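Participant: Shown below is the structure under consideration.
The values are calculated or read from the model by the stated rules, or taken from the named source; none is laboratory data. Note that the structure is predicted; figures quoted are calculated from it, not measured. Cβ: placed from backbone, ideal geometry, glycine included. Neighbour counts: every protein chain shown. Surface areas here come from the heavy atoms of the whole protein model, side chains and all, with no ligands, DNA or RNA. Shrake-Rupley method; radii C 1.70, N 1.55, O 1.52, S 1.80 Å.
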Amino acid sequence: MASPEGPGAVTSSVNEPLDLVRLSLNEVVFVKLRGDRELKGRLHAYDSHCNLVLGEVEETIYMVDEEEEGGNGEVRTMKKQSEMLFVRGDSVVLISPQA
Amino acid sequence: MLFFSFFKTLVNHEVTVELKNDISVRGTLKSVDQYLNIKLDDISVVEEMKYPHLSSVKNVFIRGSVVRYVHLPANAVDTPLLEDATRREASQAASKAKQSSS
Amino acid sequence: MSFFGFETTLPRDQKGSRGVFEQHDPFAGLGSSADADDALDFDQTYDGLGDQLEEEGDTFNDDTFGSGMPVTRQAGRDFDFAGETAKIRDTLLEEQTLHHARMPMQQAVQQKPKRSGYEAYKQPDYLPKLEADASIWGTSVAKKSTPQAQQQYQPPPQQQQMPPSAARKMMTLEEVEAMMQSQPQAQATPPVQDMESQSQGLRAMLGVSGPPPGLSPQPQQQQQRGPPGFQRPPPQGPSPGPQPGFDYNGRAPQILQRQHSPPRQQQVQQGFQVPTPPQLMGFQQPPQGPMGAPPVQPPRGPGHARDSSYSGPPITQAQQMMQMSSQDRETYLAEEAKRAKRNHKIFLLSKNNGLMTPQDKNFITRIQLQQLLTATGGIDNEPGSEDQLAEDFYYQVYAQIRGPPRSGPGQPLNQFAQTYLFQTGSRYGYGRSRHHPRGGDNHVQRMEQQVARAVEAAKARPKNKSLVMEGSLGKIAFSNSKTPRPLLNIKRVDNDSKPRKPVSVADRKETLRSIEKVYSTLMQTEDHERRLPPPPNEDSPPEIIEGHMRWRSEMAELNQQLWAALKVMEPIQPNNGAPHPFIQILSHSKGKKAIPRVFRHLDEQQRLTMLTLVIIHLDVLDVVRDAYPPQDNTPIPPRVKEEVELFAQAVMPPLFSYVNEAPLNIIIGLLGLVLDRVNILAAVRTKTGVSILTMLISRAELVKQSLASSPQPTSEQQEDIGQWTDLYSRLFDTVEPLLPYIFPTDTSVAAADDVYVWQFLAAMGVGASPDQQQRLVIGVKERVMETVAVSKSLPEDMNRKRLGDVNLFMRAIGLDVELLG
């Protein structure tokens, strides 16, 4: 704890990308996932693999209606709610503060 | 180890595991390991009609890497504690990185 | 080559790549010689083999097998000699070990030969004995197991074949053979015999002095290397006693015989009789009877087990046993059988012993331990240790707070979790609050208690006498008419008295950064607090005192960092537009949640400074600004309500606890600041604003009344009271026009959560002059009547609660809802 630079020196600088994610702890974040999925929810936990725990989550899934003729597929969205959600990091594309 | 630690507290709780192939399996979380492999008991498959081949399976072992989500019971999560734990983990990682870089 | 049951490719493959299995292989030379030449050179290979065979073994083939038995024909039936021999391998090994172990003990053994009989191998004349034994077998011919006997005696010949004298001894086998050949006819087990003899014969042909193919060559190696005196039991297991060997020994023939469906009894007997020396057999036969094996089996157990190192005691036991009554013997035998069983188990477990070197084992063990530790989440498994907490913080603390998810072994109470709970206070929080109705109205209750105390104290004074005598709202209304108030001319408060520009992204990020800094420092402080050394006393050695001093100075440093991180001391810039940094911290829910934890570590001065900062920014707190009732009476957004709740749960209690101890002059100063700098009209229409005012007023009333009741108030105290009264009047005048509007507007009267308003009115009522009390009543009369009316239609308990809320206020001014009829 009592490092040479004194306590708090470790976190005094935000150097790494995940330090930015830390700022969003307990804040509402926007998460983009593989497979045309997006999440919005309060960030309760994360780790270096981008594993996440989100609370009061709304998931949005974008689906293209595949029509026989091809093309002209209409994008449909489906929304799902979850009170508490663990998200495995390997699906995560980006995490953004919901400012 | 944060999420391993986290999931250990959810043992014996009902969870729904959504896999990357869109199958959702609901069951009692029986165990978890550091790879976040998951063992579920008394499972039922959401949208069973779609995946009848799982209808007779009573418990499953799920490889962690095929998991997309795990839906959790919110009342089993102590969010302030979890956030503190996350901060600790982040600080440790940062100090480790610092040590190794210096 | 598979003729011999060898894996012909193996020796080649093994060359140079046998690794841990690097051992002497008695067949290695043979195999390689066969394989060094290609399959095309089979003749040559064959010739080589033939040489060996002829040289060493063939001489006695006829003696052994009789001339009329072509080996090849026998082999055609079942040529897996290696496999079969492997099954009795342990017995063979044992015999060898035994033999060597015995050599030093030869003298003693000779005196008691009936115990094992093996010692006789050392005697030049042991073969005659064998003959004699054979004659004994003759008495129990029906159950004979000559093939086994032959096998049993294989090891000695193996060793003694090397000296030339072996030739002479081998001759005696002829006699044995003769017996065996006569027996098969009687017992219909010639194939067994054939194969057994064949296996021996084959080995003899091969000139192999080691165990038959398929045996692990390791013990052989030992035997060959070490001088007999150093011979130890083979490393297979803790006690590779003959008992396991016996089992194997018995099993092998059983399998063999099964192919020819022999009588079961014979199988059993073969099993146990084989290793038993003839003399002993002779003694044992009577009890043995038709039952066969069990009686004989036990004595061998201990005897053999010890024989591997020492041959004395077993013999004694055997003697004793023979003197036992049949009953004793049975129990003894039963015990021995148990032991034999156990030995067998041990053997099974130890079958593969010696495959790995100690280094290999160490390596594997290290890996396993490492995995185990990472799996359990800590290098140090002691619960509550620093390492474990670092790795498994959430689980460890959670398990302490809520109980482990499963009933595991009772962990010692986790000191850290307790401290953590204490440091972080009660479990308020977003995720929990909505699912766990915590008894979290602590703050409201405490406020209520304080108000009630103030009311009680006020009642002790007779000042409200006249009003109580008047006793009805009607009269108060009448008095109102004498001093009309511009009730309808209430100036609508504009909320834009201060510029409100949205917080910029950069500012927001800066605030979040500040909050995380607060948390980092906070957790360091909490960790440091946990490491508080025991308090030193006068007797403490200097290093303890020094350690304590160092702890304190570090704590002070952490406190300074924490204080700096909170940004409370940042200059206030009223015209900046952006709220004060600390207020911005408070505007985030995690900022609010940090306050109770932070507050514990602040000193009195810091607490007062923080409280002051909150109070002078009362109207710009997010929980006030965002919660101001919208013009159209639409409900306040749930997100804002959550923040308001969180503020009440997290921020108010520490502030309240501070105010609750504060002297009157501080309250006066704080209220003065509110009146001077805060847009009270904005604050008073929100729950948070009203609560803070209630907090100040009720505390002031309590102090004032305790001062007033003291016999001789000092002049200073008098002055404070006077000052307070002035301030109160100013507040009253400011608030009065808003009285009808301070109730929550977004819900119906029936469902309103307005207890905080009644608390405020009660606190105001306690300190009010009679005139002010009347004005209070006028201001809220409608709401009082409405609530009482609505309550009548509510369920009993709701009704009582609502009336109780109203009565908080009514009693403060000496009235009661009962009076309203």
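Participant: Looking at segment B:66-76, is at least one residue free of Cβ contacts under 8 Å to residues at least 40 places away in the same chain and within 13 Å of chain C (Cβ to nearest Cβ)?
Facilitator: Yes - at least one qualifying residue is present in segment B:66-76.
Participant: Pick out the one residue from C:456, C:538, C:557 that is assigned to a helix (DSSP H, G or I), open to solvent by 80 Å² or more (accessible area, probe 1.4 Å) and at pLDDT below 90.
Facilitator: Going through C:456, C:538, C:557 in turn, the sole match is C:456.
Participant: Select from segment C:565-609 the residues that are among the basic types (Lys, Arg) and either open to solvent by less than 30 Å² (accessible area, probe 1.4 Å) or over 23 Å from residue C:554 (Cα atoms) (or both) and list them in ascending order.
Facilitator: If the condition is that a residue be among the basic types (Lys, Arg) and either open to solvent by less than 30 Å² (accessible area, probe 1.4 Å) or over 23 Å from residue C:554 (Cα atoms) (or both), then C:590, C:592, C:593, C:597 are the ones that fit.
Participant: Return yes or no: is residue C:389 part of a helix (DSSP H, G or I), at pLDDT below 80 and touching a Lys or Arg at 6+ places or on another chain (Cβ under 9 Å)?
Facilitator: yes
Participant: Residue B:8 - would you say it is within 12 Å of chain C (Cβ to nearest Cβ) and either charged (D, E, K, R) or within 30 Å of residue C:526 (Cα to Cα) (or both)?
Facilitator: Taking the combined requirement at face value, the residue satisfies it.
Participant: With respect to residue C:586, determine if the residue is modelled with pLDDT of 90 or more and away from chain A (no Cβ under 12 Å).
Facilitator: yes
Participant: Could you tell me which of the residues C:811, C:783 is of a type in the set (D, E, K, R), within 17 Å of residue C:740 (Cα to Cα) and in contact (Cβ under 8 Å) with a residue 12 or more places away in the chain?
Facilitator: Being of a type in the set (D, E, K, R), within 17 Å of residue C:740 (Cα to Cα) and in contact (Cβ under 8 Å) with a residue 12 or more places away in the chain holds for just one of C:811, C:783, which is C:783.
Participant: Next question. Which of the residues spanning segment C:523-533 are in a helix (DSSP H, G or I) and more than 10 Å from chain A (Cβ to nearest Cβ)?
Facilitator: C:526, C:529, C:530
Participant: Moving to a separate point now. So how many residues does segment C:609-646 have that are of a type outside the set (Val, Ile, Thr), assigned to a helix (DSSP H, G or I) and under 17 Å from residue C:581 (Cα atoms)?
Facilitator: Residues in segment C:609-646 being of a type outside the set (Val, Ile, Thr), assigned to a helix (DSSP H, G or I) and under 17 Å from residue C:581 (Cα atoms): 7 in total.
Participant: Here's a follow-up. Go through B:9, B:79 for me and flag whichever is of a type outside the set (Lys, Arg) and in contact with a Pro (Cβ under 8 Å, 6 or more places away or on another chain).
Facilitator: None of the others qualify; the one that does is B:9.
Participant: Any chance you could count how many residues in segment C:514-551 are under 37 Å from the mean Cα position of the chain (by Cα), more than 17 Å from residue B:89 (Cα to Cα) and charged (D, E, K, R)?
Facilitator: Qualifying residue count, segment C:514-551: 4.
Participant: Going through C:694, C:688 one at a time, which residue ends up being among the hydroxyl-bearing types (Ser, Thr, Tyr), out of contact with any Leu (no Cβ under 8 Å at 6 or more places or on another chain), closer than 14 Å to residue C:742 by Cα and surrounded by 18 or more Cβ atoms within 10 Å (Cβ to Cβ)?
Facilitator: Selected residue: C:694, the only one of C:694, C:688 that is among the hydroxyl-bearing types (Ser, Thr, Tyr), out of contact with any Leu (no Cβ under 8 Å at 6 or more places or on another chain), closer than 14 Å to residue C:742 by Cα and surrounded by 18 or more Cβ atoms within 10 Å (Cβ to Cβ).
Participant: In segment B:66-95, what residues are touching a His at 6+ places or on another chain (Cβ under 9 Å) and among the aliphatic types (A, V, I, L, M)?
Facilitator: Within segment B:66-95, B:72, B:74, B:76, B:77, B:82 meet the criteria.
Participant: Here's another thing I want to ask about it. Tell me whether segment C:716-730 contains one or more residues that are surrounded by 21 or more Cβ atoms within 10 Å (Cβ to Cβ), among the basic types (Lys, Arg), farther than 19 Å from residue C:805 by Cα and touching a residue at least 24 places away in the same chain (Cβ under 8 Å).
Facilitator: No, segment C:716-730 contains no residue that is surrounded by 21 or more Cβ atoms within 10 Å (Cβ to Cβ), among the basic types (Lys, Arg), farther than 19 Å from residue C:805 by Cα and touching a residue at least 24 places away in the same chain (Cβ under 8 Å).
Participant: Could you pull out every one of the helices (runs of 4 or more DSSP H) wholly within segment C:669-767 that has 1 or more residues that are within 16 Å of residue C:615 (Cβ to Cβ) and among the polar types (S, T, N, Q)?
Facilitator: Ranges flagged: C:687-709, C:715-735.
Participant: Right, another one. Working only within segment C:560-570, note down all residues that are more than 11 Å from every other protein chain (Cβ to nearest Cβ) and part of a helix (DSSP H, G or I).
Facilitator: C:563, C:566
Participant: Let me ask something else about it. Test of understanding: among A:75, A:31, which residue is modelled with pLDDT of 95 or more and either open to solvent by 80 Å² or more (accessible area, probe 1.4 Å) or away from chain C (no Cβ under 14 Å) (or both)?
Facilitator: A:31
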